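Q: Please find one structure pasted underneath; my questions will follow.
Please treat every number below as a calculation from the coordinates, not as lab data. Because the structure is a prediction, the values reported are computed rather than measured. Neighbour counts run over all protein chains shown; Cβ positions are idealised from the backbone, glycine included.
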Amino acid sequence: TTWTQHQTDVTTWRTGTVSLDGNVLIAVGFGTSVYMSIDRGVTWKKNTQFAENEMVTDFALSQDGSVILALRINKPLYVSTDKGVKFQEKEIVREYYSAAMSLTGEIQTVVVNGGGTYVSNDFGSTWNIKRRVFSEVHAPHKWTATAISRNGKYVIACSSPGIMYISNNYGKAFIPIAGSNQIWTSAAVSDDGQKIVGLYKISGPYRSGV
């Protein structure tokens, strides 16, 4: 394996992501620029739709990278359905914390600090809050992690400190499945919803499955 360095104006990189087919890559600096490649990393271009000083905290991509969901601090959701050529703002300003989407990009989910979980079933065009399906004890808590199966049927949402929830009907309803007062940091779920992994601070991984 060989690595090729690409010169940019960014000196400190914060995070990066890549589509499942490897064609679309995104790299983000600390409060600086967002760079994208749509040719498997051969060439890179700064996406000027993102302000130079805005903080991008998370990305979710569809399998081919055509659908992109970006989370920005103190900004509405940013959604593209053409590999980042054009982004559109969706919803209002909230403290969006984590994002995930199905392979096609049709089903998307984000969690909000103090605001529960939002789900889109139309490629990020419209969003519905799912906080009401959670207990009133955990609804106002900080929601820190979400995950989705590749077909979008199974959706995970984690409150912190609190409980991990799962939906087996494309985010329409959720039930509690793990934890009681954990600080969840990330989660993953298999295609059939039978294998689930959750990471939380102090105690380590929590695994579920048959």
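Q: Mind listing which GluC sites (Glu not before Pro) in the stretch 68-127 are in a DSSP loop and have 16 or fewer other Cβ atoms within 10 Å?
A: Glu95
Q: Which values, in whole Å and largest first, are the semi-axes of the equivalent ellipsoid of the stretch 1-110 obtained as the square root of 5 times each eigenvalue of the Cα gyration tensor?
A: Each semi-axis is √(5λ); the values are 21, 18, 11 Å.
Q: Starting from the Cα of Val93, step 7 Å along the direction of its Cβ; do the same at Ile177; then give the gap between the two resulting points in nm.
A: The modelled label-to-label distance comes out at 3.6 nm.
Q: A further question follows. Show me the ranking of peptides 158-170, 37-49 by mean Cβ neighbours inside 10 Å, starting with the highest.
A: Put in order of decreasing packing, that is 158-170, 37-49.
Q: Report, in listed order, any pair from Lys45/Lys153; Lys90/Lys201; Lys153/Lys201; Lys142/Lys201; Lys86/Lys195; Lys46/Lys201 with a Cα-Cα distance greater than 24 Å.
A: Distance filter (> 24 Å) returns Lys45/Lys153; Lys90/Lys201; Lys153/Lys201; Lys86/Lys195; Lys46/Lys201.
Q: Show which aspartates and glutamates lie in cross-link reach of Lys75 when reach means a straight Cα distance below 13 angstrom and same-chain residues fewer than eight apart are skipped.
A: Counting by Cα, and skipping residues close in sequence, Lys75 has these aspartates and glutamates nearby: Glu54, Asp58, Glu89, Glu91, Glu95.
Q: At a temperature of 20 °C and a viscosity of 1.002 mPa s, determine how fast the chain diffuses translationally according to Stokes-Einstein, using the Kirkwood radius over alpha-carbon pairs as Rh; express D in µm²/s, rounded to the nearest whole number.
A: 123
Q: Residue separation times 0.36 nm, minus the C-alpha to C-alpha distance between Asp64 and Asn128: what's the value?
A: Extra length available between Asp64 and Asn128 comes to 20.5 nm.
Q: Just need the relative contact order of the chain here, percent rounded to a whole number, with Cα pairs under 8 Å and 6+ apart.
A: Taking the mean separation of contacting Cα pairs over the length of the chain, I get 10 percent.
Q: Moving on to the next point. How long is the gain from Lys86 to Thr11 if the chain were fully straight, where each residue apart is worth 0.36 nm and the alpha carbon distance is subtracted?
A: 24.4 nm
Q: How far apart, in nanometres, would the label points at Lys201 and Thr48 be if each is projected 7 angstrom from Cα along the Cα-to-Cβ direction?
A: Between Lys201 and Thr48, the simple spin-label model gives 4.1 nm.
Q: Using the basic label-point model (7 angstrom from Cα toward the beta carbon), what is the Trp3 to Thr104 distance in nanometres?
A: 3.8
Q: Another one. Quickly rank 146-156, 180-190 as a protection proxy: mean count of other C-beta atoms within 10 Å, highest first.
A: In descending order of packing, they fall as 146-156, 180-190.
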